[in-house]
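Encoded as structure tokens, the structure appears first; notes follow it.
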There are 2 protein chains.
Amino acid sequence: MSGVSCEMITCVTAPVQDSPFLRACRREPVPWTPVWFMRQAGRSLPEYRAARDGMTMLAACTRADVITEITLQPLRRFAVDAAILFSDIVVPLRAVGVDIDIKPGVGPVTAEPFRSEADLARLRDLEPGDVPYVTEAVTSLVRELGTTPLIGFAGGPFTLASYLIEGGPSKSHDRTRALMYGNPGLWHALLDRLASITAAFLRVQVSAGVSAVQLFDSWAGAVAPADYRAAVLPHSSRIFAALAGSGVPRIHFGVGTGELLQLLGEAGADVVGVDWRVGLDEAARRVGAGRALQGNLDPAALLAPWPVVEEQVKRVLAQGRVAEGHVFNLGHGVLPETDPGVLARVTDLVHAETVSVRGSDPPEPPDGQKAL
Amino acid sequence: MSGVSCEMITCVTAPVQDSPFLRACRREPVPWTPVWFMRQAGRSLPEYRAARDGMTMLAACTRADVITEITLQPLRRFAVDAAILFSDIVVPLRAVGVDIDIKPGVGPVTAEPFRSEADLARLRDLEPGDVPYVTEAVTSLVRELGTTPLIGFAGGPFTLASYLIEGGPSKSHDRTRALMYGNPGLWHALLDRLASITAAFLRVQVSAGVSAVQLFDSWAGAVAPADYRAAVLPHSSRIFAALAGSGVPRIHFGVGTGELLQLLGEAGADVVGVDWRVGLDEAARRVGAGRALQGNLDPAALLAPWPVVEEQVKRVLAQGRVAEGHVFNLGHGVLPETDPGVLARVTDLVHAETVSVRGSDPPEPPDGQKAL
């Protein structure tokens, strides 16, 4: 647990638990549809580029002060209903000593791709002491954020495996699926190791005070449903199960996972993230009862003139009404060329549209959060 | 029309029309399930690498003798039921003067990405005289192939647009969708130009004698169904409509198009290609009556030990039985590291499995085709 006293936890936690974001995750009535954006803290913000100036991605992700600053930046601009811990999916891998780096303009690359049983030795368990900057940043963020929930962050097992196996980013993850088909023993051993590391990484974040977690299995949509069920789901389930007692909502997201939405939920998610290819009405049908949805405005639509954006936002809200709970978000991360002003307008539009529907007071304007 | 006399057309055409491949495309009874592989002529074959040695992709695609040789290579090894014209989706664009190149290890790149109305002037109509090497290669291939059908080849409008707009290969085609949302006028004008070029390019191939065509809209799966219907389908429909009178079956394929299968058919395809993410039984349900299916073995599965490959092939065949017609193929192109021996075994296995089911004579062994 973090060093925060029980008294502090009580006074901070109760209003956080009552936040629209956590209420939506729990499928409870909300005063307005909560909003956050994947990559809301990122390259679209000039202050992010300034904070990262001359600093590698991994350096930024391993300094508590930088994580804290970058995580808070979007909340000074937008009336978003949640913050998400600034991190990268390779952070826990680096923390256990894997030789993986983030190449600017490319993504995660590893000099020695994983190919054999011998490579498993490169994946030891993660201990809280391996990521002190995460504990420190979460602790300070929870204090700073007050009633705004902080979402924890980790990469999912297929996606982590794909970076290790391909050696870098890949369009279709062919070598990853080849290992999955060709050497199931090694595949399951690898994903088991990755699941242990991921579960430990998320437990560190939950212990330090995050109010929810999102597992980004971004590229899991590369496998067919039957293969996902047999080769990926057991490992994601173990990660979610490791957090079951914590009471924090668990969000599960991947791009191009239209065929997998039901299984993403079955893995143990409370909230299923949906990309822009499947409408939320259809996604609700696929996911089934008992889970909330998150999504799914196409990030590319944010580059269009405002009337187009407005129409798309309203469509997402209309389709999202059939979900038992809806957290408004994009269908993937904010694109670097996005105008932050558009993100602010989208946030306010979602609030205005849904607050009027549900007859409650409007959320606090971003100015109120600028005091953070 | 090609320079072949009517008498020759008659003597060559009748047995081709009766080939298992064309029968399956027309949803007629077949003596065995026909097989071909996307990228069967390609980097997995040492003789392909030899034929391309020191030659750029575009040089190879614009020489009739090289196109002919490379197209025939897989038929000397495998008992596949069709050949596909060796080409690249940028060939017609280059033929009308677009400054687009194929960078080894990267893919199509254009120095000046398409962004404005002014760029439309870079896309003039394609005339048969722009691609004499295609006419010449098809004419010679049809003669060489005898009773084996030759499939024509072109890229689809979304995919061509994405290379022009992104300036090169892209993982998620964000700028392409941004233009689609942000400037529908330019978008439709661009796809209209591309559709005209593509239709003309395919008409050249049909006139020269191809027995079927495949439109590879490889990246169309990047858009949601409603956007596909409004922004892409009208242009693909126009391409297919331009071939409607020719009587050649039209195949329509894209990767990750599970949400779009019905629309790929509606666009005017006789055969819908299915990637590995959706089983053929489910694909048949989505596509509906009146169209055949093609697919859908995961190309990555071919890198696994033979028992795994065998199991996957049998699964595809079992699921494909519900389709009104089934052309066995992969769910995407042959991977460069694939053992050609495995492709030969898969071909023979498909034939053996389905010939026994349908009680006909087995297809001719590849040795018979080595005489080509």
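The values are calculated or read from the model by the stated rules, or taken from the named source; none is laboratory data. What you see is a predicted model; the values in this text were computed from it and never measured. FYI the Cβ positions are ideal-geometry reconstructions off the backbone, even for glycines, and counts take in every protein chain you see. The protein model used for the area step is the full one, side chains on, heavy atoms only, and it has no ligands, DNA or RNA in it. Shrake-Rupley method; radii C 1.70, N 1.55, O 1.52, S 1.80 Å.
Points worth noting:
- Projected-area average for the protein assembly as shown over all orientations - Cα convex hull basis, square nanometres: 30.9 nm²
- Chain A: angle of helix A:6-17 to the longest principal axis, Cα-based, in degrees nearest 10: 70 degrees
- Applied to the range B:29-42, the Karplus parametrisation 6.51 cos²θ - 1.76 cosθ + 1.60 on θ = phi - 60° returns per-residue 3J(HN,Hα) values of x, 10, x, 7, 6, x, 10, 8, 10, 4, 6, 4, 9, x Hz, with x for Gly and Pro.
- Under 5 Å, built H, 5+ apart or other chain: amide partners of A:Asp275: A:Gly256, A:Thr257
- Cα long-axis angle, helix B:132-145 against chain B (0 to 90 degrees, to the nearest 10): 10 degrees
- Residues considered: A:Ala121, A:Ala195, A:Ala79. Largest GNM mean-square fluctuation over chain A, using C-alpha springs under 10 Å, is found at A:Ala121.
- Antiparallel bridge percentage (DSSP; both residues within the protein assembly as shown; nearest 5): 15 percent
- Here the dipole of the range A:124-227 is about 120 debye; that uses its Cα centre as origin and unit charges on the Cβ of Lys and Arg (positive) and Asp and Glu (negative).
- Relative contact order %, the range A:88-229, counting alpha carbon pairs below 8 Å whose residues are six or more apart: 33 percent
- The range B:300-337: trypsin sites (Lys or Arg not before Pro) in DSSP coil with no more than 14 other Cβ atoms inside 10 Å: B:Arg321
- C-alpha center-to-center spacing [the range B:178-197, the range A:39-83] in angstrom: 36 Å
- Sorting B:Lys103, B:Lys171 by solvent-accessible area of protein heavy atoms yields B:Lys103, B:Lys171, largest first, with a 1.4 Å probe.
- Lys, Arg +1 and Asp, Glu -1 on Cβ, resulting dipole of the range A:21-140 about Cα centre, debye, nearest 20: 560 debye
- Label spacing, shortest first and in nm, from B:Gly245 to its equivalents in the remaining copies (7 angstrom along Cα→Cβ): 7.6
- Computed from the C-beta positions of A:Thr56 and A:Trp306 and an R0 of 25 Å, the FRET efficiency is 0.10 to the nearest 0.05.
- For the range A:83-96, 3J(HN,Hα) computed residue by residue from phi via the Karplus equation (6.51, -1.76, 1.60; θ = phi - 60°) reads 9, 10, 3, 6, 7, 9, 5, 7, 3, x, 5, 4, 5, 9 Hz, glycine and proline entered as x.
- For B:Ser218, solvent-accessible area (1.4 Å; no DNA, RNA or ligand), Å²: 20 Å²
- At the residue level, A:Ser116 shows approximately 50 square angstrom of accessible surface with a 1.4 angstrom probe and all protein chains present.
- Sequence-distant residues sharing a close amide H with B:Gly42 (under 5 Å, placed H): none
- Here the 3J(HN,Hα) profile of the range B:268-276, calculated from phi with Karplus coefficients 6.51, -1.76 and 1.60 at θ = phi - 60°, is x, 7, 8, 10, 9, x, 10, 7, 7 Hz, Gly and Pro shown as x.
- Proximity of backbone amide H atoms, modeled 1.01 Å from N, is registered between B:Val327 and B:Leu293, B:Gln294, B:Gly295 at under 5 Å, excluding neighbours fewer than 5 places apart on the same chain.
- Under 12 Å, Cβ to Cβ, from B:Asn296 - net charge with Lys/Arg +1 and Asp/Glu -1: -2
- Residue-averaged 222 nm ellipticity for chain B, from DSSP H runs of 4+ at -39500 (n - 2.57), nearest 500: -14000 deg cm²/dmol
- Distances, shortest first, from the label point of A:Gly54 to those at the same position in the other copies read 5.1 nm; the point lies 7 Å along Cα to C-beta.
- On Cα atoms only, tilt of B:157-166 relative to the major axis of chain B in degrees: 50 degrees
- Copy-to-copy label separations for A:Val308, where each label sits 7 Å from Cα toward Cβ, in nm and ascending: 4.3
- A:Thr354 contributes an accessible area of around 0 Å² to the protein surface, as traced by a 1.4 Å probe with all chains present.
- Length-normalised contact order for chain A - Cα pairs under 8 Å, 6+ apart - percent: 22 percent
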